[in-house]
Every structure is written in structure tokens, then in C-alpha cells.
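Asks: Submitted below is the structure of interest, expressed as C-alpha cells.
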Amino acid sequence: MGIGWNFDNSYARLPNDFYAEIELNPVRAPKLVKLNKSLAKDLGLDVEELQSDKAIAILAGNTAPEGSKPIAQAYAGHQFGHFTMLGDGRAVLLGEQITPKEERFDIQLKGSGRTPFSRGGDGRAALGPMLREYIISEAMHALGIPTTRSLAVVTTGESIIRETELPGAVLTRVASSHLRVGTFQYAANMGSFENLEVLAHYAIIRHYEFIPNSETRYLRLLEEVIKRQADLIAKWQLVGFIHGVMNTDNMTISGETIDYGPCAFMDTYDPKTVFSSIDRHGRYAYENQPVIGGWNLARFAESLIPLIHEDPEQGIELAQNEISKYMPLYEESYQEGMRSKLGLFNEEEQDKELINELLDLMHKHRADYTNTFRGLTIGDMTDTPLSNKEEFKNWLEKWQARLSRQEQTKDEVRQLMESWNPVVIPRNHRVEEALEAAVNGDYSVMEKLLKVLANPYDYTSELTKEYCSLPAPSNLPYRTFCGT
Ligand code: AMP
Ligand code: MG
């Protein structure tokens, strides 16, 4: 039996402005260090065969699998607010795997060497950041947050040069597509109406097939992308996920989270939290993510204007009208999620106030975001700095009174809270510890971490307990790096 590849290459059938065909850049000694067996099965791939030399050569970008047409995608993007021409500088799209359920997923190699879009870069990636993407993307998936996935990591047997010499690696990324806001910006920038329309049509077929074929279909596309992104970013906020580099090239049309570079989960609740070392002005801080989402979507809307209406002024007006719906949609999603985190099934006017009061207390007393909600869920706040605070006791009374005004039982409330408040998240010190061991050849720490992160809402598991604890106090703030 073969590996099970079943490729189509619909993206490569778009006009050739949208990509560059590429030659592969073989590496010296590929070795498989991590394979996502359950994802492999879902994709219709054979787990045993995927560990063969033949498959590893494919996952390293040394040989192309049958049916694949390796390309690098062209795109542009606003990086920290500045427009730039980009494109896959260190990634290769092998093609789209059609699964046994007839679903379509991009199979992309990240860190696979130079492409025509590499600019000054070497096209390569280091092992640590590729494992980091693997861990966090799979944790996000288990949390129920739309995301690209990770199928495998192979080491290359080659070093890459950054500030120091690092072991090289290639990640196999799986995505419902790699269409980005930046892909549309690129198309709009080309100035070809035909190309823009081909791309928008393609995005609809791929992700929004339910949109009927009418004159308003591209406005509908904008509306649907806005809905998915509003919901996605609300989900990030609700678990304390900080993306770290929300450039428009890192925002998908599908509504999946993409590009796990400097991302990290917030520990101590502080709306201003920034982890990324390059985000000096806090553009992508936790509290800014919803607004930046709207800013990026406005860039998407701009690129669609020629398709929305033949009269640009009317096009702008229609697009602005859609954009104005984003914040209310985000708020609705976020508030509903927050009410669920507090076990509230219905909505009362003062709920927002109740939620904000709790967040203010968490901020003031430097409470851990995840553990506070976990404490409220299990009814035990002893591990949190809030437990002995008078103002928190007042808040608890208000919350209890609020809970008693709804008809649901205690069990039902607990169930709802358990399904919205993860026990475990990829805590920064745990991720770092796993990466450090792995880069030194010991993958057991990461394997154990991945096992725990696969069931983030399991309140019964003994295994999760040790993963709730906070790191030893440090004078230095946690910092993340792009890993490029
Ligand atoms: P990112 O910050 O990961 O979204 O990357 C931004 C852009 O830089 C993308 O076009 C990447 O393909 C490109 N890039 C990142 N790292 C490298 C590298 N080592 N070599 C070439 N291009 C890179
Ligand atoms: Mg990117």
C-alpha cells in the first residue's frame, strides 16, 4: 500500500501571476521527529508508510509526491501597518490533499528552502520554532479554535545560521487553504480586474460555497469573512491567546488562525500584554487584537471594491457598511463566550458590568487568566490571589445571585463552564521546557505536554494538575521571537 496521497492542484490552475513554480531544495539527512498520527488518518494517509524513507524525503522537501505540483504562493501584506510585497519565502505548497471524506486541505512545507519570493532570506527554519508551531497549533485545535494544523516535523541534518547556529527543520502545515487577506491585496495591487475576480470566485468555491451566484456575491464574501474573523478573534480573547504578528498576510480568508511565530498565551491578566520582541509599540497587544482584526478586514474590503460595485463610490459605501458590522459581531461573540465562562445561559443587562468587574479585579490583583476561570468552575479559588480579597467576595455574591436568577441546575452550570474554561493551556514555561529538551534530543517532555494539551477541558484527569501551576517568579518578562 502507498502513503495515500491524493492530490489536486486547484490553486496552481489560477493565473500564473498568483504563484511561482519551484524546484525543490533537498536537505542532507532528513529525520522524522514528530508525526501527527490522528491527523494523518483523517487526511487518508497511512501512518506506517508515512514513516518510511520515501515519505520522509517528501516531508523534507527532497522529492515531490506523486500528483503534486510544488509552488510558492504570491501575496502582499501590511506588516506592522506598512504595505510590502511578500510571497512564500520559505514555504512550498505541494498541493491539496483530497481526503476520504472528500475534504480539501493544503499540504505545505515550511522551512523548505529558497523560492523566488525569499528576498534576503535563506528559506529555512529552525527546529525550535517549527516544534513551537506544532505544539501551539495542535493545542488551539484541541481548544476548539479554528486553526491550521501540523502534520509532521522533520529535522534536516543541516544547520541554519541565525544569531547562533541552529538545527534546521521542516514543518508540514495543513490548512483549509492558504488564502490570506494579503493574497487579495496582492491581486488588487496587480490592477487586473480579471485576476481579482478569479481569486474571489476561487475563495467562494473553496470556503463559502453556499454563497449564491448573484451580483452581490463578492459583498457576501466580505460579509462572511468578517463573520468568521469576528468569531475567531473573540475565541482568541476568551482563552487569552495573543497572536503576536497580526499582519494582513497572516490573516486567512477561511477564518483559521495561521502563522505561529511569536504567539503565546497570556498568564497574568493584563490587557496590555505583549510577548513579541519585535512588537515594540504593542500594536498587537492582547487588548488591541479585536481592533486590529477590524483594521485588517478593512484592507480586505478595500481590495474587493472593484468587485463590489462598478462605481467606486458606491463600492466604498457598501464595503464600509459591512465593515461597520464587524465590531458588534465581535462583541456579541465575546460577550456570549464570557457569559458561558461564568455559567450564564441567558443574558441580563448588567452582565457586561459583572464581567468587567471580574476582569478589573484580576488585573488589579495580578490573577492568572486561565486559573481564575478554572477556580470559578471548580468552586475553589485558593490557588488564586483573589481568594482572600474582600472586593472579590462581594463580586462572588453578585455572581451567585445572578446564577440563582436562571433556571439551570448547578450541574448544568458546571458543565457549561467546563466546556468554556480550559484547565490547561500551553503555558509559556512548559512550552519552553519542552522545546529545550527536544532541541537537545529528548522529545519525551514535548510528547507528554502534547498529550495533556490534547484534552484541555478534561477536569477529571490527574495528568493535567501539574500543568496548571505557574512558573517560578522571574524578574524578566516573557519574550517571544518570530523564529524566521
Ligand atoms: P511571517 O512573519 O512568518 O509571516 O513571514 C513574513 C514573510 O517573510 C513571509 O513572506 C515569509 O515567507 C518570509 N520569510 C520568513 N522567514 C524567511 C526566511 N528564513 N527566508 C525567506 N523568507 C522568509
Ligand atoms: Mg506569515
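The values are calculated or read from the model by the stated rules, or taken from the named source; none is laboratory data. Everything quoted here is computed from the prediction, not taken from an experiment. Virtual Cβ from ideal backbone geometry, glycine too; neighbours counted across all protein chains shown. Remember, those area values only see protein heavy atoms, side chains included, never the ligands or the DNA or RNA. Shrake-Rupley method; radii C 1.70, N 1.55, O 1.52, S 1.80 Å.
Asks: What fraction, in whole percent, of alpha-carbon pairs in the range 36-107 exceed 14 Å separation?
Replies: Details: 1762 of 2556 pairs.
Distances greater than 14 Å cover 69 percent of the Cα pairs.
Asks: Counting pairs of Cα atoms in the range 181-334, how many percent are more than 20 Å apart? The partial results should precede the final answer.
Replies: Numbers: 5786 of 11781 pairs.
Roughly 49 percent, rounded to a whole number.
Asks: Within the range 178-227, which chymotrypsin sites (Phe, Trp or Tyr not before Pro) sit in a loop by DSSP and count at most 10 neighbouring Cβ atoms inside 10 Å?
Replies: Working: sites: Phe184, Tyr186, Phe193, Tyr202, Tyr208, Phe210, Tyr218; in loops: Tyr208, Phe210.
The qualifying sites are Phe210.
Asks: Further, regarding this structure: Stretched out fully, how many nm does the piece from Glu165 to Phe193 gain, at 0.36 nm a residue minus the Cα gap? Spell out each step's value before the answer.
Replies: On the way: separation 28, 0.36 × 28 = 10.08 nm, distance 4.60 nm.
Difference between extended and current length: 5.5 nm.
Asks: Continuing with the same structure: Measuring with a 1.4 Å probe in the full set of protein chains, what accessible area per residue, in whole Å², belongs to the range 181-334? Mind showing how you got there, number by number?
Replies: On the way: 5800 Å² over 154 residues.
That works out to 38 Å² for each residue.
Asks: Cα-Cα pairs above 35 Å in the chain: how many percent? Numbers along the way, then the final one.
Replies: Details: 40337 of 116886 pairs.
Value for the chain: 35 percent of Cα pairs lie more than 35 Å apart.
Asks: At 1.4 Å probe radius, can you tell me the per residue accessible area of the range 1-153 in Å²?
Replies: Solvent-accessible surface per residue comes out at 39 Å².
Asks: Short version: what are the Cα gyration tensor semi-axes of the range 435-482, square root of 5 times each eigenvalue, largest first, in whole Å? List each step's numbers first, then the result.
Replies: On the way: eigenvalues 97, 61, 21 Å².
Each semi-axis is the square root of five times an eigenvalue, giving 22, 17, 10 Å.
Asks: So, with a 1.4 angstrom probe, what is the percent of accessible area on the range 181-334 that is carbon and sulfur? Don't skip to the answer; put the middle values down first.
Replies: Details: 2940 of 5800 Å².
Solvent-exposed carbon and sulfur of the range 181-334 make up 51 percent of the total.
Asks: Expressed as a whole number of Å, what is the distance separating the alpha-carbon centroids of the range 23-93 and the range 210-259?
Replies: Value for the Cα centre distance between the two parts: 24 Å.
Asks: Right, next: Per residue, how large is the accessible surface of the range 389-479? Use a 1.4 angstrom probe and give square angstrom. Walk me through the numbers before you get to the answer.
Replies: Working: 5450 Å² over 91 residues.
On a per-residue basis, 60 Å².
Asks: Something else about it: Which aspartates and glutamates, if any, have their Cα less than 18 Å from the Cα of Lys465, not counting same-chain residues under 8 positions apart?
Replies: Excluding near neighbours in sequence, the set is Asp267, Asp368, Asp380, Asp383, Glu418, Glu433, Glu447.
Asks: Would you please give the FRET efficiency between Glu66 and Asp17, computed as 1/(1 + (r/R0)^6) with r the Cβ-Cβ distance and R0 = 30 Å, to the nearest 0.05? Before the final figure, lay out each step's value.
Replies: On the way: r = 27 Å, r/R0 = 0.90.
FRET efficiency, Glu66 to Asp17: 0.65.
Asks: What distance in nm lies between label points placed 7 Å from Cα along the C-beta direction at Arg220 and Val47?
Replies: Those two pseudo-labels are separated by 4.1 nm.
Asks: Also, quick follow-up: At a Förster radius of 22 Å, what calculated FRET efficiency corresponds to the Cβ-Cβ distance of Asn475 and Glu436, to the nearest 0.05?
Replies: Efficiency for this residue pair is about 0.65.
Asks: Which log10 I(q)/I(0) values, to two decimals, does the range 342-484 give at q = 0.08, 0.13 Å⁻¹ under the Debye formula with one point per Cα?
Replies: So the normalised log intensities work out to -0.28, -0.69.
Asks: Using Cα centres only, tell me the gap between the range 351-368 and the range 184-200 in whole Å.
Replies: Distance between centres, Cα-based: 45 Å.
Asks: Within the range 7-175, what whole-number % of the accessible surface is contributed by carbon and sulfur, with the 1.4 Å probe and all protein chains included in the calculation? Could you put the intermediate results ahead of the total?
Replies: On the way: 3160 of 6560 Å².
The value for the range 7-175 is 48 percent carbon and sulfur by accessible area.
Asks: Continuing with the same structure: Rounded to the nearest 500 deg cm²/dmol, what is the calculated helix-only ellipticity per residue at 222 nm for the chain, with -39500 (n - 2.57) per DSSP H run of length n ≥ 4?
Replies: Numbers: 15 runs with 198 residues, N = 484.
Calculated mean residue ellipticity at 222 nm is -13000 deg cm²/dmol.
Asks: Accessible area, 1.4 Å probe, largest first: how do Trp5, Trp236 sort? Intermediate values should be presented prior to the final figure.
Replies: Values: Trp5 50, Trp236 10 Å².
Result of the area sort, largest leading: Trp5, Trp236.
Asks: Let me see the P(r) profile for the range 7-175: every Cα-Cα distance counted, bins of 5 Å, each bin given as a percent of all pairs.
Replies: Binned Cα distances yield the sequence 2, 9, 17, 21, 22, 17, 9, 3, 1, 0.
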